[in-house]
Structures are given as C-alpha cells and as structure tokens.
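Encoded as structure tokens, the structure appears first; notes follow it.
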Amino acid sequence: MSRNPSFLPSPFWRSPTGEVARRRRVGGVLCLLITLAACTQQPQRETTRRLPTIVSLNPCADAILAEVTRPGQLLALSHYSADPRAASIDPAKARQYRTTRGTLEEVLALRPDVVVDSTFVPPATARAYRRLGLRLETLGIAGTVAESRAQIRQLAALAGNPAQGEALIARIDAALAETAPHPGAPPIPALVWEPGGIVPGDTTLIAELLRRTGFANFAAARGLGQADQLPLERVLADPPRVILVAGSDRALGHPALAHLVATTRARLDPRLLFCGGPTIIPAAQRLAEVRRRLS
C-alpha cells in the first residue's frame with residue numbers, strides 16, 4: 001500500500017533540534033513585538049514638576065503667598081509680617097515662616113527662585129536680582145476687589161498652584177456675598193478716620209468694601225481724596241453717621257466726639273485697610289458687623 005503524503009510525520013518531529021530552533025525563533029519575534037508595542041502604546045509617565053521657591057518682601061503678598069504655596073515653597077516673609085500690630089497676615093500663620101529684612105545678602109542666602117517685592121523696589125536692587133539669576137516679581141497696592149483677584153491669580157500662577165488661587169478667590173467672593181446689605185437698603189455715611197485725620201480716597205480698596213457692605217464714603221462725598229486730612233473741627237461741624245476709628249491717635253478719641261449723639265464710633269483694625277487677598281474677608285466681616293449693630 002502506498003503511503004499517503006498527508007500522514008507523513010513532520011520533518012520537525014523527525015528532528016527534535018529543528019523544533020527547538022523554530023520555537024526559539026518564534027519566541028524571539030514575539031518578544032520583539034511586545035517590546036515595540038510597549039514603546040509605542042504605553043503613555044509616557046508624567047514627570048514631577050518642581051515648584052519654584054519664593055521669598056516675599058511685600059507685606060501684602062505675604063498673606064496671599066501663604067495661601068497659594070505648598071509646604072516648602074515660601075522660604076521667607078517680609079519683616080512686616082513679624083509684627084502682629086502691622087501685619088495683614090494672621091499672626092499664627094506668619095509664625096510658620098521665617099522673616100527677612102529684605103537685604104540682598106539675606107535673600108541670596110535663602111537661594112530662592114523668585115523674589116516678590118513692591119513696585120517701589122530700587123532699580124539697582126532689581127538689576128542685582130536679575131544679574132544673579134533670580135526672577136523678580138513686583139506687586140502694587142490693589143485698589144479694587146477685581147485688582148486683588150488679579151493679584152491672587154498672578155501669585156498663584158507664579159507658585160504653580162492656580163487651583164489654590166481660585167479657592168482663595170471663591171472664599172473672598174463668598175464673604176462679600178454674605179456681608180452685602182439687603183437690596184434697596186440706603187447706604188450709611190461712614191468716615192474711615194486714620195491717625196492725623198487722614199482719610200481714604202474713593203478709589204481705594206477700603207472704599208469699595210464700604211460700598212459693598214452698605215456704607216457710603218463720607219470723606220469722598222465731601223471732595224476729599226486718598227491721604228487727605230479731615231480736621232476734627234470739620235467732623236464736629238458736619239458729623240457722619242458712623243466714624244470708623246482706624247488707629248490710636250488722640251484726636252480719634254477726643255472728648256468732643258462724645259457729644260455727637262447721632263454718630264456711632266466703632267474700631268476698625270488699621271491692618272484691614274491696605275492689603276487685598278485674604279484680608280478682604282475679615283475687613284468685610286467687620287464692616288458688616290458694624291452695620292448690623294446700627295440696624
């Protein structure tokens with residue numbers, strides 16, 4: 001009987017070494033394909049982004065940076081924040097950081113990536129920072145809530161933490177909404193009186209906060225601008241409904257003021273007058289508290 005070729009054993013069965021060689025070749029091809037697939041299909045791992053280190057020499061930036069930086073980023077605050085009587089930042093939070101007098105030597109010793117200063121930084125100092133490879137960021141005084149929001153976003157982006165900046169802005173907006181007067185409530189004339197009889201102008205942050213919390217800027221309505229003086233005699237002759245005493249000047253506590261029976265005097269912490277950022281929250285709350293007492 002003739003053999004059926006389809007039943008002939010395979011040559012690999014006839015040669016065990018040939019089968020082993022074939023399997024090795026197939027295995028090598030499979031390993032190569034798996035390696036290529038891993039290189040082309042596996043997403044690249046995200047590298048950990050190094051966040052910049054920062055030294056603040058700006059007292060208003062201190063409070064914002066303490067909110068929008070992560071642990072280890074903020075190397076030092078301005079020396080103003082070491083004084084609870086002058087700092088806009090919460091004293092307990094300020095104690096978590098070292099402070100610096102702002103000398104070039106002190107800043108360089110901390111080896112930051114970024115220095116945040118005021119817009120009044122001397123040109124020679126600014127050039128020295130840049131020459132030494134430090135980025136200089138300047139921050140002015142916020143005159144409105146909108147400007148303060150922009151500064152928060154600026155510093156949060158600088159720190160690489162924009163989400164923390166938006167969280168702070170949300171807290172500020174919530175506080176402003178909570179402290180707003182009832183719709184249609186007439187504004188109450190209020191005088192913010194600082195030592196020396198100095199008053200704020202109508203284009204200042206505290207003036208906007210007065211409006212947002214149900215007051216009218218008494219001094220601005222009488223043609224006075226930022227840092228103008230309103231003497232005691234004029235206050236006695238034309239008294240406001242409310243005097244917000246911001247300071248400890250003797251004139252602010254003059255006995256003659258006690259005769260203004262239709263005028264309410266209330267303390268306003270001077271630390272709440274000049275900086276935006278998180279300072280807006282206690283400032284609005286204090287003003288709303290005074291307004292509620294009048295009601």
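Nothing in this text is a laboratory measurement; each read-out follows from the coordinates by a stated rule. The model shown is predicted, which means the values in this text are computed figures rather than measured ones. Neighbour counts are summed over all protein chains in view; Cβ atoms, including those assigned to glycine, are modelled from backbone coordinates with ideal geometry.
Suppose each label sits 7 Å from its Cα in the direction of the beta carbon; what would the Arg95-Leu294 distance come out to in nanometres?
With each label point 7 Å from Cα toward Cβ, the separation is 3.7 nm.
Based on Cβ point charges of +1 for Lys and Arg and -1 for Asp and Glu, what charge dipole magnitude is obtained for segment 185-295 about its Cα centre, in debye rounded to the nearest 20?
400
With viscosity set to 0.692 mPa s at 37 °C, what whole-number translational diffusion coefficient in µm²/s follows for segment 183-294 from Stokes-Einstein and a Kirkwood radius over Cα pairs?
Reported coefficient: 236 µm²/s.
Go through segment 76-92 residue by residue and turn each phi into a ³J(HN,Hα) via Karplus (6.51, -1.76, 1.60, θ = phi - 60°); whole Hz please, and just put x for glycine and proline.
6, 9, 5, 5, 4, 6, 7, 10, x, 6, 10, 6, 8, 7, 4, x, 5
Relative contact order, percent, of segment 54-177 when contacts are C-alpha pairs under 8 Å separated by at least 6 residues?
Result for segment 54-177 is 28 percent.
Would you please give the FRET efficiency between Leu132 and Ala86, computed as 1/(1 + (r/R0)^6) with r the Cβ-Cβ distance and R0 = 30 Å, to the nearest 0.05?
Between Leu132 and Ala86 the formula returns 0.55.
Among Ala174, Thr138, Gln73, pick out the residue whose Cα is farthest towards the positive end of the charge dipole of segment 54-177, where Lys and Arg carry +1 and Asp and Glu carry -1 on C-beta, about the Cα centre.
It is Gln73.
Amide H of Arg265: which non-local residues (sequence gap of 5 or more, or other chain) have their own amide H closer than 5 Å, using H built in the peptide plane?
For Arg265, the qualifying residues are Ile243.
Under the rule of at least 5 residues apart or a separate chain, name every residue whose amide H is placed under 5 Å from the amide H of Gly276.
Ala142
Long-range amide H contacts for Asp228: which residues qualify at under 5 Å (H placed 1.01 Å from N, peptide plane, sequence gap of 5 or more or a different chain)?
Distant-sequence amide H within range of Asp228: Val199.
Between Ala167 and Arg250, take the C-beta separation as r, use R0 = 35 Å, and let me know the FRET efficiency to the nearest 0.05.
The calculated FRET efficiency here is 0.25.
May I ask you to sort Ser78, Ser248 by Cβ crowding, counting other Cβ atoms within 10 Å and putting the fewest first?
Starting with the residue having the fewest Cβ neighbours, the order is Ser248, Ser78.
Based on DSSP, what percent of beta bridges with both residues in segment 183-294 are antiparallel, to the nearest 5?
20
Using the Karplus equation 6.51 cos²θ - 1.76 cosθ + 1.60 (θ = phi - 60°), what ³J(HN,Hα) coupling, rounded to whole Hz, does each residue of segment 272-278 give in order, writing x for Gly and Pro?
8, 8, 10, 9, x, x, x
Calculate one ³J(HN,Hα) per residue across segment 207-214 by plugging θ = phi - 60° into the Karplus curve 6.51 cos²θ - 1.76 cosθ + 1.60, and present them in order as whole Hz with x for glycine and proline.
Working through the residues one at a time gives 5, 5, 5, 4, 4, 5, 9, x Hz.
Subtracting the Cα-Cα distance from 0.36 nm times the residue separation, let me have the gained length for Phe120 to Arg222 in nm, one decimal.
Here the segment from Phe120 to Arg222 would lengthen by 33.6 nm.
Residues of segment 154-198 with amide nitrogen under 16 Å from the 7 Å Cα-to-Cβ point of Leu232?
It comes to 193-198, nothing else.
With charges only on Cβ, +1 for K and R and -1 for D and E, what is the dipole size of segment 139-228 about its Cα centre, in debye, rounded to 20?
Dipole about the Cα centre, nearest 20: 80 debye.
If you take the charge dipole of segment 183-294 about its Cα centre, with +1 on Lys and Arg Cβ and -1 on Asp and Glu Cβ, which of Gly196, Gln229, Ile281 is farthest toward its positive end?
So the residue furthest toward the plus end is Ile281.
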